[in-house]
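J.: Before I ask anything, let me first share the structure, which is written out below as structure tokens.
The values are calculated or read from the model by the stated rules, or taken from the named source; none is laboratory data. Keep in mind that what you see is a predicted model, and the values were worked out from it rather than measured. Note: ideal-geometry Cβ built from the backbone for every residue, glycine included; neighbour counts use all protein chains shown. Quick note on the areas: whole protein, heavy atoms, side chains included, nothing else; ligands and nucleic acids left out. Shrake-Rupley method; radii C 1.70, N 1.55, O 1.52, S 1.80 Å.
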Amino acid sequence: MSASAFARMPRAKRQALIFAAAEEFASRPFEQASLNSIISAASMSKSSFYHVIDSKESLLSLVVDELRELARREWTPPDPSSFASDFWKTAAHVFDDALRVWPQVRALELLWRIVHENRADPGVTSLESSYQKWISSVLEIGREAGAIDAECPADLQAVAAASMLGAFDEWTLQQTSRDSRTGDSIEAAASQQFRLLKRLLEA
């Protein structure tokens, strides 16, 4: 991929390419994603596309990086130290805030879907690794505060929490795909999801 060629693209064309590719990668696994569909949706010629992008792999990595940067402007996980004063109250607020913001911000929703469709991609792997480190750090604060069960091995606890949150993500994505009444249904489910997570982890 030519980073300089991509950077020189007019902003509107750059965004059109990113979101055309994001829509494709978010809707199907990497192997099934079609470059022809992306090129067509971005209103580019093949020669222009291959001047900027050299492979489907590099395009997916670019999309993940770009969406990740856009997503940071809308929602950023709080510093783990912010959970220290009142762990479960803070956790509930962060949980509710994430579920409120993510479905409403297109970059976040697309990134969310891409992660679940393309777990083997290095960019996705890096993103998930950062997410899991954040979860481990938050749980460590909770253990120190006496809010999290400290008798359970910390690494096992982090894996269990990440797995449960991943299952919540999968369920929520299924709901948003088939239910136009997502706002009410997701909000109603959020409290139940948080209740299950708290039961898993609470001291």
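J.: If you wrap a convex hull around the alpha carbons of the stretch 3-71, what volume per residue comes out, as a whole number of Å³? If you can, show how the numbers build up before the last one.
T.: Numbers: hull volume 5.6 nm³, N = 69.
In the stretch 3-71, the Cα convex hull volume per residue is 81 Å³.
J.: So what is the relative contact order of the stretch 75-201, in percent, for Cα pairs below 8 Å that sit 6 or more residues apart?
T.: Working: 68 pairs, mean separation 38.5, N = 127.
Once divided by the residue count of the stretch 75-201, the mean separation gives 30 percent.
J.: Moving on to the next point. For Lys56, give me every one of the lysines with a C-alpha distance below 29 angstrom, ignoring sequence neighbours fewer than eight places off in its own chain.
T.: Lys13, Lys46, Lys133
J.: Counting only helical runs of four or more DSSP H residues, what would the 222 nm mean residue ellipticity of the chain come to if each run contributes -39,500 (n - 2.57) and the total is spread over all its residues? Don't jump to the answer; show the numbers that get you there.
T.: Working: 10 runs with 152 residues, N = 203.
For the chain, the value works out to -24500 deg cm²/dmol.
J.: At 4 °C and a viscosity of 1.567 mPa s, what translational diffusion coefficient does Stokes-Einstein give for the stretch 75-201, taking Rh as the Kirkwood radius over Cα pairs? Give it in µm²/s as a whole number.
T.: The Stokes-Einstein estimate is 84 µm²/s.
J.: About the Cα centre, and with charges only on the beta carbon of Lys, Arg (+1) and Asp, Glu (-1), how big is the dipole of the stretch 1-123? Nearest 20 debye, please. If you can, show how the numbers build up before the last one.
T.: Details: 15 positive and 16 negative charges, 91 e Å.
Computed about the Cα centre, the dipole is about 440 debye.
J.: Skip the ligands, DNA and RNA, and give the accessible area per residue of the chain with a 1.4 Å probe, whole Å². Please report the intermediate quantities before stating the final value.
T.: Values: 10940 Å² over 203 residues.
Accessible area per residue: 54 Å².
J.: Report in % the part of the accessible area of the stretch 75-201 that belongs to carbon and sulfur, leaving out ligands and nucleic acids; probe 1.4 Å. Before the final figure, lay out the partial values.
T.: Details: 3710 of 6820 Å².
Its accessible area is 54 percent carbon and sulfur atoms.
J.: Also, I was wondering about something else. Net charge near Asp155, counting Lys/Arg +1 and Asp/Glu -1 over other residues with Cβ under 15 Å of its Cβ?
T.: Numbers: positive: Lys133, Arg143; negative: Glu140, Asp149, Glu151.
Every neighbour counted, the sum reads -1.
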